[in-house]
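Enquirer: Let me give you the structure first, and then I'll get to my questions.
The values are calculated or read from the model by the stated rules, or taken from the named source; none is laboratory data. Everything numeric here is computed off the predicted structure, so don't read it as measured data. When we count neighbours, we look across all protein chains shown, and the Cβ atoms used for this are built from the backbone with ideal geometry, even at glycine.
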Amino acid sequence: MILPSNYFSPILRYKDGEGLTVADEEAVVDMLLRYHPHSEDKVGSGLDSIMVDRHPQFRWTRCLFVVRTNGGWIDFSYHKCLRAYIRDKYPSLAERFIGEHFRHRCLHVKSWPQDA
């Protein structure tokens, strides 16, 4: 699967506390959340929706949140999802790519690998 570097950019346009559309939610779940190392724990009682909001402790940071069927919600790191995806799909190249492009927890993507 080839994902352009701006694939998830439209998600950043959501207002704080706003749930994603069905199409965006499916993309986030299928291409990000399922690769999170603790995705089952994040979903917990069941997935109701995905929303964008401010991190409760670090208010300047916008995050993706799993909204659970029991009404609870929890943030998840898309960086962890991407790292796990890269390690799964490109094990021989993963550590080098992650070291070059995930410095200081920031994703610096110049371009996606063509065989992604």
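Enquirer: Filter the stretch 20-60 down to the residues that are of a type in the set (A, V, I, L, M) and within 17 Å of Cys81 (Cβ to Cβ) and list them by number.
Expert: Leu20, Ala27, Val28, Val29, Met31, Leu32, Leu33, Val43, Leu47, Ile50, Met51, Val52
Enquirer: Given the residues Arg54, Arg62, Arg83, which is the only one that is in contact with a helix residue (DSSP H, G or I) (Cβ under 6 Å, 6 or more places away or on another chain) and on the phi < 0 side of the Ramachandran plot? Explain how you work it out, then say what you get.
Expert: Numbers: Arg54 fails: in contact with a helix residue (DSSP H, G or I) (Cβ under 6 Å, 6 or more places away or on another chain); Arg62 fails: in contact with a helix residue (DSSP H, G or I) (Cβ under 6 Å, 6 or more places away or on another chain).
Among Arg54, Arg62, Arg83, only Arg83 is in contact with a helix residue (DSSP H, G or I) (Cβ under 6 Å, 6 or more places away or on another chain) and on the phi < 0 side of the Ramachandran plot.
Enquirer: Tell me the helices (runs of 4 or more DSSP H) entirely within the chain that contain at least 2 residues that are modelled with pLDDT of 85 or more, touching a strand residue (DSSP E or B) at 6+ places or on another chain (Cβ under 7 Å) and surrounded by 12 or more Cβ atoms within 10 Å (Cβ to Cβ).
Expert: It comes to 22-31, 39-43.
Enquirer: Another one. Within the set of pairs 6+ apart or on separate chains, which have a first residue in the stretch 78-92 that is among the charged types (D, E, K, R), a second that is surrounded by fewer than 20 Cβ atoms within 10 Å (Cβ to Cβ) and part of a helix (DSSP H, G or I), and C-beta atoms under 6 Å apart?
Expert: As it stands, the answer is Arg83/Ile98; Arg87/Ala94, since those pairs meet every condition given.
Enquirer: Kindly provide the set of residues from the stretch 15-37 that are more than 20 Å from Gly71 (Cβ to Cβ), in contact with a helix residue (DSSP H, G or I) (Cβ under 9 Å, 6 or more places away or on another chain) and of a type outside the set (A, V, I, L, M), ordered by number.
Expert: Result: Asp24, Arg34, Tyr35, His36, Pro37.
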